[in-house]
Amino acid sequence: MARSVGRLLVDSLEAHDIDLIYCVPGESYLGFTNALIDNNRMRLIVCRHEGGAAFMAAADGRMRGGRAGVVVVSRGPGLSNALIGMHTAYHDATPLVVLIGQVERFEAGRMALQEQNYTLLLADVSKAVIEVNQPEQASEAIARAFHIAESGTPGPVAVIVPEDVFDIETDTPVAKPRPPAQGGPLPADVDKFAEMLAASERPVVWVGPTMHPAEIADLTKLAEQWVLPVMPTHRRPHLFDAGHPNYGGYMASRVHADTLAALKKTDLLVSLGERITGSLSQGFTFPSAPDPQVPLVHVWPDANEVGRVWRPDIGMACEPAAVVRALLARGAPADAAKRKGWVESLNAIHKRVTKAEWTPMEDGVNFSAVIAEINKHLTDDATVTSDAGNFATFVHRYLLMKPGQMFLASVVGAMGAGMPMAVAAALRRPGTQVIGFAGDGGTLMTGNELATARQYGVNPVFIVSDNSVYGTILQHHDARYPGRAARAATQLTNPDFAVWASAFGAKGMTIHTEADIAPVIAEALSVKTQPVVVHVHTSTEQLSAWRRRSA
């Protein structure tokens, strides 16, 4: 059956079980959007900026449990705007397929309007760049893109299609999705790992992005049977129940001094589905690079990553869930209870650090009080999204999550992710509670995606922390150049975010004092018919959850 390449690409995406596609429309791929009109299964979500669209697709890749999200952008400026989402997906190990319209083939190499060499441009933010210049290879390119994006270390893959190719007729069939190739742990490695774990008195298990939420039940059984403390890693707090007695604390980019001091007493560090990054390792100090100061077992589904920075005592290039299942099948050692005191000590520090205590500030609301109040209202299926910035430290410290809930953010720390990811969560998980957080800086980077929420009838609640500064930069400037930050590039002049929200058709609300918090949050979370933006006037003195500016 002959069909246009545009229609072939649509059918190929449907074959890969895609139901949501994010885009900002562009003339370079009109043949695709025209073909999509005839498909009743997939929804095309038209966004207001390619950065927002790419963040939404990356969030979708997180929520789909290891299966890629999809964003479609036009050439040149369109793709350039989307690079922030690709950078996030690349560093965060998130599967993402990016379909990009290119100049027509006869124009190639002539510096045509918006022409770029994407193989060069995307070399450092993608796993692969696949150019489709032959119509017969279009569907094959899609199948290859999904396979690469979802295999090994997940990440973004770009598919480049010239504008004139979309309308060419071809009788090439749809290329079938490729089954994932997943490696299992070697029996000898499992034996050695089990021996090390049985001998250990103070182990710590970090759990990260390639352990998917559906697999956490088995990890919980392992923690209980083998008596192990489990710590979800930075911006993945939903991967273990914060209320479980085996919860060892949250391994964020900035760890409380008491937690870090306790961790340095460990005699075995297990990185289970966590790549390990500079931020997570507290600036390559724990574990130290390249040779960790403690025995390290590293489980990650990509042999190119295991051992690349840190030398592990055991490196397993396989799915972490397979290792968990292998250990469960062996059964726990008879003396596993010897670790009970160690687990309890870490859990006690966690409870002390996250206890909802704060000091009221004179220059604005201590954001700790807002997060503590929202923590009371989280539903079992809630999705929380967060932008990057110092305000997020309050979220990471005081918002206690559990499996069944979802946390979405740019782990690499890109600002602007909060609002788009909240919109994506509301689309992917309709009827569930979605709460997004952002600072005043990040809100105005992609807050225009509030219009996308209105267009598609989804209603996230968005909390804006406004202290009129770029808080993280202010903190770093204070530390490096004391006394000069007031004249540095950190100050902001903001709109009334409640009025701004109302202009979009959202409900705008304001928190001026701590007395406003409980009633405003309760009302905001009760609204079901429109998005809500809560403008919180926050303290600059209480610059983060861990420190005051004057200190």
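Points worth noting:
- Within region 262-277, considering residues that are surrounded by 22 or more Cβ atoms within 10 Å (Cβ to Cβ) and assigned to a loop (DSSP other than H, G, I, E, B), the one farthest from the chain's Cα centre (by Cα): Thr266
- Enumeration of residues in region 470-488 that are within 28 Å of the chain's Cα centre (by Cα) and of a type in the set (Gly, Ala, Ser): Gly471
- Subset of region 80-136 that is part of a loop (DSSP other than H, G, I, E, B), in contact with a strand residue (DSSP E or B) (Cβ under 8 Å, 6 or more places away or on another chain) and of a type in the set (S, T, N, Q) - its residue that is surrounded by the fewest Cβ atoms within 10 Å (Cβ to Cβ): Asn133
The rows are residues; the columns are (1) of a type in the set (A, V, I, L, M, F, W, C); (2) over 19 Å from the mean Cα position of the chain (by Cα).
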{"site": "Thr359", "(1), (2)": "no, yes"}
{"site": "Gly389", "(1), (2)": "no, no"}
{"site": "Leu399", "(1), (2)": "yes, no"}
{"site": "Gln405", "(1), (2)": "no, no"}
{"site": "Val412", "(1), (2)": "yes, no"}
{"site": "Gly416", "(1), (2)": "no, no"}
{"site": "Ala424", "(1), (2)": "yes, no"}
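- The one condition from (1) at pLDDT 95 or above; (2) of a type in the set (A, V, I, L, M, F, W, C); (3) surrounded by fewer than 24 Cβ atoms within 10 Å (Cβ to Cβ) that Met421 does not meet is (3).
- Filter pass, Pro95 being assigned by TED's automatic domain parsing to the domain that holds Gly152, touching a Gly at 6+ places or on another chain (Cβ under 7 Å), in contact (Cβ under 8 Å) with a residue 12 or more places away in the chain and not acidic (Asp, Glu): yes
- Residue count for region 328-370, restricted to those that are aliphatic (A, V, I, L, M) and surrounded by fewer than 16 Cβ atoms within 10 Å (Cβ to Cβ): 6
- Comparison of Leu197, Leu228 shows that the only residue that is in contact (Cβ under 8 Å) with a residue 24 or more places away in the chain, closer than 24 Å to Lys264 by Cβ and in a loop (DSSP other than H, G, I, E, B) is Leu228.
- Of all the residues in region 371-413, those that are surrounded by fewer than 22 Cβ atoms within 10 Å (Cβ to Cβ), closer than 24 Å to His49 by Cα and aliphatic (A, V, I, L, M) number 1.
- Complete set of residues in region 69-79 that are crowded, with 24+ Cβ neighbours inside 10 Å and not in a helix (DSSP H, G or I): Gly69, Val70, Val71, Val72, Val73, Arg75
The values are calculated or read from the model by the stated rules, or taken from the named source; none is laboratory data. Only a predicted model underlies this, so the values are computations on that prediction, with no experimental measurement involved. All Cβ positions, even for glycine, are placed from backbone atoms using ideal geometry, and neighbour counts span all protein chains on display.
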